[in-house]
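See structure below.
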Amino acid sequence: MTLIRDVNALRLNPKWVSIRFSRANPWKDGVVRFFAFLFGIGKSLIKASAEIVSLARRQHAGLVFFSSTKNQTTSLSPIADLIDEVHWVRVNHNENSDDVVPLRFPTIVVSVVSIVTLPISVLFLILFTLRPAGPTSSFALRVRTIAFSVDELLRSYGYYVAAWLLIRAHRIQTLVMSNDHNSINRALALAGLHLGIETVYVQHAPVSHLFPDMIFTRAFLDGEVSAQVYRRKPTNTSIEIVGASRYDRRFQLVSVSGRQISKSVSLCLNKWDDKDRFMDYLQSFINLGWRVVVRPHPGMSRADLTFLPTEIDIDRSDIASHLSKVCFLVAGSSGVLLDAYMAGVVPLMAVDLSTEYDYYKFVERQAVYTLDIHGLEKLDAGFEEFALSALESGMVQFNAAIGTPYTYEVASEVRRRIVAFTDSAARSMVKR
């Protein structure tokens, strides 16, 4: 049962659950997620033959990039682009696009093993729920914790066995990921650790003090702020501060000299945000004559957006393209606030929008400007002067957020260093 805890270290953190799911209905979500677990089993049957063929080929991959979300793929692409022969394993999105070798994560194995180990998983959930209450974990909070992650908790053993088979079948020597807390990513990292291969973490977004301990053999981090989070406990991970390589090639630092400032704003929506308050912001900006573009988190589906009026401009383009359309960005506690600095856009953290005030401690480090629903008229009255002043100090605040000065030259070098480390054989494949 320790495996379930290790794979779901963040999901089983009561503090994280109380923050992220404080406004949701645990019983409704528990039922929805259990049916998502059953739906996943059915979906894996459709892909079973292709996955089995992929495993049976036992193609030697060596160096593999793994991604379970579009954000992870985007952040790893600048590194993978340095290699002529790229081996990807993508789950849930664009699984084999442009791959030299069609590697597939065996979701059919996840389903079979999850069903076989269901009694053990259910026993864990019961024991977790019924354990004695503590000062930070009431019975109600433990029920909420199980309800909001029941699908991933039931898949834990399946994820681990599937990851183990993937590594062995393709003789993976080095595994590169950009997420350290999603259940499937942690299962793969744990399997790699137990099999003695190199596992590499490349930071793809700000990290929170709530994130679990690092379990990779090596981590390349944006800056000292992230390093402090992962060094809060003794770790065997070799941590190297390298800068935010994900920004290289995607953004160009924008000169604010002569910049034309308009009343255009990106309202960024995360599934954790308060939807009623989001609508307050949306309607208020429209009433003040602003052009509003809504950018939902890439993980949100159309069903998550049904509360938005049909005439609203919803933009799902990549973040760099999206930010080129606006001068201001409003979001809750989100990494997209840092992206805005790179595009010459003024980021404003809406302190009354997210389920926690300062999830990434941006406000504590004075790295962002703050806003609440009552401050929109003041922003509207002096938007141009405020924007020019904010942009002049933008990179100073960005550096305060990550704790390390950023330059594109550093990012380009970081990519080469990551490739050089991940697999010595890859050095001969680096594009000249």
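The values are calculated or read from the model by the stated rules, or taken from the named source; none is laboratory data. From a predicted model like this one, the values you see are computed outputs, not experimental measurements. Cβ coordinates were reconstructed from backbone atoms using ideal geometry, including for glycine residues, and neighbour counts include every protein chain displayed.
Some observations on this one:
- One residue alone among HIS60, HIS93 is closer than 19 Å to TYR159 by Cβ, in a loop (DSSP other than H, G, I, E, B) and either at pLDDT below 85 or touching a Phe, Trp or Tyr at 6+ places or on another chain (Cβ under 9 Å) (or both), and that residue is HIS93.
- Taking first residues from the stretch 293-317 that are more than 19 Å from ARG277 (Cα to Cα) and in contact (Cβ under 8 Å) with a residue 60 or more places away in the chain and partners that are outside any loop (DSSP other than H, G, I, E, B) and among the polar types (S, T, N, Q), the Cβ contacts under 6 Å between residues at least 6 apart in sequence or on separate chains come to PRO298/ASN71.
- Positions within the stretch 1-57 being outside any helix (DSSP H, G or I), of a type in the set (A, V, I, L, M) and either closer than 21 Å to GLY332 by Cβ or at pLDDT below 85 (or both), in sequence order: MET1, LEU10, ALA24
- Among the residues of the stretch 213-239, the ones that are among the charged types (D, E, K, R), surrounded by fewer than 17 Cβ atoms within 10 Å (Cβ to Cβ) and touching a residue at least 24 places away in the same chain (Cβ under 8 Å) come to 2 in all.
- Answer residue from the stretch 137-172, given it is surrounded by fewer than 20 Cβ atoms within 10 Å (Cβ to Cβ) and polar (S, T, N, Q) and is modelled with the highest pLDDT among those: SER138
- Restricting attention to the stretch 292-315, the residues that are closer than 20 Å to GLN72 by Cβ, charged (D, E, K, R) and modelled with pLDDT of 90 or more total 1.
- When ILE184 is tested against (1) surrounded by fewer than 23 Cβ atoms within 10 Å (Cβ to Cβ); (2) modelled with pLDDT of 95 or more, exactly one condition is not met: (1).
- Residues that are within 18 Å of PHE65 (Cβ to Cβ), assigned to a helix (DSSP H, G or I) and of a type in the set (D, E, K, R) do not occur anywhere in the stretch 198-216.
- Given (1) surrounded by fewer than 19 Cβ atoms within 10 Å (Cβ to Cβ); (2) over 14 Å from ILE146 (Cβ atoms); (3) out of contact with any Gly (no Cβ under 9 Å at 6 or more places or on another chain), index of the condition LYS70 fails: (3)
- Within the stretch 278-311, the set of residues being among the aromatic types (Phe, Trp, Tyr) and exposed (fewer than 14 other Cβ atoms within 10 Å of the Cβ) comprises just one member, PHE307.
- Pairs meeting the criteria (first residue in the stretch 364-379 and more than 17 Å from SER393 (Cβ to Cβ), second residue acidic (Asp, Glu) and modelled with pLDDT of 95 or more, beta carbons under 9 Å, at least 6 apart or on different chains) are ILE373/ASP280.
- Residue list for the stretch 143-172, restricted to those being charged (D, E, K, R) and free of Cβ contacts under 8 Å to residues at least 40 places away in the same chain: ARG168
- Among the numbered conditions (1) within 20 Å of LEU10 (Cβ to Cβ); (2) at pLDDT below 95; (3) crowded, with 18+ Cβ neighbours inside 10 Å, the only one that LEU210 does not meet is (3).
- Within the set ALA191, ALA140, the sole residue that is closer than 11 Å to VAL7 by Cβ and free of Cβ contacts under 8 Å to residues at least 40 places away in the same chain turns out to be ALA191.
- Residue match in the stretch 180-192 (condition: part of a loop (DSSP other than H, G, I, E, B) and within 18 Å of THR235 (Cβ to Cβ)): yes
- Residue list for the stretch 105-161, filter: assigned to a helix (DSSP H, G or I) and of a type in the set (S, T, N, Q): THR107, SER111, SER114, SER121, THR129, THR145, SER156
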